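Take a look at the structure set out below.
The values are calculated or read from the model by the stated rules, or taken from the named source; none is laboratory data. These numbers come from a predicted model, not from an experiment. Backbone-built Cβ (ideal geometry, glycine too); neighbour counts: all protein chains shown.
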Amino acid sequence: MADQPRNEGQKGLKDRVLTNDLCTGCSACVHLCPYFEHYRDSTVTIHSCDSESGRCYAYCPRTPTDLSLLLERLFDPADLSPEMGAVKGLFMTRALDKTLRAGAQHGGTVSALMVLALSEKIIDTAILADQDDDHLSEASGVKAPEDVAGKAGSKFVVSPTVGAFTDIAKGEARRIGVVATPCQALALAKMRTAPDELDKERVEKLKLVVGLFCGWALSWRELKALLEEKFKGAKILGLDIPPSKHQCMEVTTDRGIAEISIDEVQSCVRKNCDYCFDMTCEFADISVGSARGPEGWNVDKGWNQVIVRTELGRKLLDLAREKAVLEFKAVPGGNLEKLKRASMNKKRTCLKNLAEKSGRPDDLIYLKTDDPAVKAVRG
C-alpha cells in the first residue's frame, strides 16, 4: 500500500504499543511467528526478535494507520460518512428463531447471520468468541451451523480473534467469516489491504466480517475480581449493559438478576479503550449493536441495530429477509443521527486522550493529524 508509515518490527511494537497501554488484545501479532502469544487476556513476548520490520507491527491496529486510505480501499466512497464510516443502510432486526434468540445477546442477529452464512456456503468456517466459566475469552472456528448458538452472547472481555483467524487460515478452511470488535476489524483491514507475501493466500480466505458495536472492553483480571467480590459462590449466567441512563451493568446469576454500578464496572475497563477511534466497527461488512428506541430497554434488549456497509453485507441482509432468518421493524426516527453523534463523541474523546498521552496536539501516536478522517473530527 502506498504511503504507509515505516514498519518498525517487534521492538517498535513493544515500545509503541505493548508497554504504552495501547495493546487491544486482538492478537493480530499472534500465530505469525513463535515470538508472541496470547495468555490469559494478555499479549506476551515469548522470544526477542531483532528484525527491523515485521508483520506483527504492520497489522497491529495501534501502530500508525492511514484510516482514510483503508476506508477508500475497502468501501464505496459514496457511502462514507465522517461520523461512522460507510453506511448503506440502518435496520432494526432480531432472529426469528426464538431458541437462537433466547440464548443470544439482545436480538440474536449476529448468531442468525453466521448460521445463515454457514448454511448458504458463503463461508465454511465462522470464527467466534467463546468464554469459559471463569469469564476468560478465547476464539475458535465453527463449521456446523448448529454449533453457532453455543458461542452466542457478549463476552465483555477481549478474545484473541485475529490470532485465531491467522491460525485457522493456515488449515483447510477456504471461506472464513469473523465476528469482530472494532480493533479486531481494523487489524483485519490492515491485513486485507497490505498483506505480506507470506500471508496473501491466508488473507484471501477472509470472506466476511460481521462487526460488533463496542464502547469498551473489560480487563479479565479486574472483572473476575469484581464479580467474585459481589457474587461470591454464585454462578454467573450472563452480563449486559443497559442504556447509559441506567448507569449499571446487569448481572444474571443462578440467584437472580442484580446490578453493579457503572462506576465500578468502568474501573475494570482496559486502558487501551481510551484511545479507540471507532464505536460502530467501521471496517466490517455489516455491523451490529444493541437497539435503542422509544419503547424502552425492556423492548430494546430484544432487538439489534444493524449497519450495512458493503455490497456483501447488503446481500447477506437481503438473504436473511428472503429466508425468514431475521425479523425486521421500522427504525425509529432520529436513530441514525443519534448513532452518528455517539460515534463522533467517541472519536473526539479518542483524539483528546491521544494528544494528552503524547503531550502534543500534533502527535496522535497511531493516527495521522492530516488524515481526512481525523481532520473531519477536529473540524
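Of the residues that sit in region 68-90 and are crowded, with 19+ Cβ neighbours inside 10 Å and in contact with a Lys or Arg (Cβ under 8 Å, 6 or more places away or on another chain), which one is nearest to T19 (Cα to Cα)?
L70
Each row is one residue, and each column tells you yes or no for (1) modelled with pLDDT of 95 or more; (2) more than 21 Å from M84 (Cβ to Cβ); (3) of a type in the set (G, A, S).
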position	(1), (2), (3)
G296	no, yes, yes
Q305	yes, no, no
E322	yes, yes, no
R341	yes, no, no
K347	yes, no, no
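Among R73, R40, which is among the basic types (K, R) and under 29 Å from R348 (Cα atoms)?
Result: R73 is the single residue among R73, R40 that is among the basic types (K, R) and under 29 Å from R348 (Cα atoms).
Looking at region 269-276, is at least one residue within 19 Å of K155 (Cβ to Cβ), surrounded by 24 or more Cβ atoms within 10 Å (Cβ to Cβ), at pLDDT 95 or above and not polar (S, T, N, Q)?
Checked region 269-276: at least one residue is within 19 Å of K155 (Cβ to Cβ), surrounded by 24 or more Cβ atoms within 10 Å (Cβ to Cβ), at pLDDT 95 or above and not polar (S, T, N, Q).
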